[in-house]
Amino acid sequence: DYVVVKMIPDNRLPPRHLHAVRTGKTFAVVKWESPYDSPDQDMLYAVAVKDLVRKTDKIYKVKSRNSTVEYTIKKLEPGGKYHVIVQLGNMSKESSMKINTVPLSAPDALKIITENDHILLFWKSLALKESNFNESRGYEIHMFDSLMNITAYLGNTTENFFKVSNLKIGHNYSFSVQARCLYGGQMCGEPATLLYDELGTGKDSSATKSGRATDVAAIVVPVLFLLLVTLGIGFVVLYMRHRRLQNSFTAFANSHYSSRLGSAIFSSGDDLGDEDDEAPMITGFSDDVPMVIA
């Protein structure tokens, strides 16, 4: 025996498993499940988005009969903080979560040019790669002194360069440039950081870690190339000497070849001599020949 039991839908229950699927600079994709499985009619949801920085609220209405609902919240701000609340339209129990949008990227190509009594920071305009950035927002610059272990706010600018003066000799500094923070420093862009050390030593040490790695590669690659070229030349020289010796020996052997014997004939060291060797050898002296001693 068995019995079928059908639960009565309770529209006072909250949506289940609310979570963020993906977040970008100006949008967030959220997902949740209906309060109960297999709804038999369209369900109206209220999605409230509270801007925790600007202190503003927006409410969106979503209608769906699916057990799983996915919704994209648009017109958000980069680097923003939001509180998302989802509930049925009858103001039932709610599900909530907090999301942070992706901040603006860091400026590219941050460089330092050293002058007599100051330095200049240069970087590329952030508007070249960020459509959501307006140059009127500007940039803000920070400096960290590793010797004093302090961070200082140097100011902001709408230009793509900044002048820094009154640096102390022997101190190491780190400079950071980012899109200017909004609303009390709560909505900032990602910082681009650059190390400037060994001040006053006459060395240009304004390279970042990536720049230093590039410099090392620029030195190592030519050295390896020169070594390969040198080894190649050495092999060529050895090969030419081997060929020259082989040809000399072949020519020498051919000059001593006897067609009658069918082999090469080489003289021993005893047979070698000058033209006097053709004279008859003196074998001895006779007793009747007087020896004259001068």
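The values are calculated or read from the model by the stated rules, or taken from the named source; none is laboratory data. The structure displayed is predicted, hence computed values, not measured ones. Please note: Cβ atoms are built from the backbone with ideal geometry, for glycine as well, and neighbour counts cover all protein chains shown. Just the protein is used for accessible areas: all its heavy atoms, side chains included, with ligands, DNA and RNA removed. Shrake-Rupley method; radii C 1.70, N 1.55, O 1.52, S 1.80 Å.
Please give the number of the condition Q178 fails out of (1) in a strand (DSSP E or B); (2) more than 15 Å from P78 (Cα to Cα).
Here Q178 clears every test but (2).
So, L199, is that one at pLDDT below 85, open to solvent by less than 60 Å² (accessible area, probe 1.4 Å) and not in a helix (DSSP H, G or I) or not?
It is true that L199 is at pLDDT below 85, open to solvent by less than 60 Å² (accessible area, probe 1.4 Å) and not in a helix (DSSP H, G or I).
Go through the stretch 18-54 and give me each residue that's open to solvent by 70 Å² or more (accessible area, probe 1.4 Å) and either without any contact (Cβ under 8 Å) to a residue 40 or more places away in the chain or outside the structural domain of Q87 (by the TED database) (or both).
Of everything in the stretch 18-54, those that are open to solvent by 70 Å² or more (accessible area, probe 1.4 Å) and either without any contact (Cβ under 8 Å) to a residue 40 or more places away in the chain or outside the structural domain of Q87 (by the TED database) (or both) turn out to be R22, D37, S38, D40, Q41, D42, K50.
Check G155 against each of (1) in a strand (DSSP E or B); (2) modelled with pLDDT of 90 or more; (3) at negative phi and name the one condition it does not meet.
(3)
Among the candidates V53, V30, single out the residue that is part of a loop (DSSP other than H, G, I, E, B) and either within 30 Å of G185 (Cβ to Cβ) or of a type in the set (K, R) (or both).
On inspection, the qualifying residue turns out to be V53.
Would a scan of the stretch 118-132 turn up a residue that is without any contact (Cβ under 8 Å) to a residue 24 or more places away in the chain, farther than 30 Å from D57 by Cα and more than 28 Å from the chain's Cα centre (by Cα)?
As a first pass, look at the stretch 118-132 and keep what is without any contact (Cβ under 8 Å) to a residue 24 or more places away in the chain: 127-128, 131.
Now drop any that are not farther than 30 Å from D57 by Cα, which leaves 128.
Add one more test, that the residue is more than 28 Å from the chain's Cα centre (by Cα), and what stays is none.
Taking every residue of the stretch 118-132 in turn, none turns out to be without any contact (Cβ under 8 Å) to a residue 24 or more places away in the chain, farther than 30 Å from D57 by Cα and more than 28 Å from the chain's Cα centre (by Cα).
Farther than 30 Å from D51 by Cβ, free of Cβ contacts under 8 Å to residues at least 60 places away in the same chain and open to solvent by 40 Å² or more (accessible area, probe 1.4 Å) - does that describe any residue in the stretch 170-184?
yes
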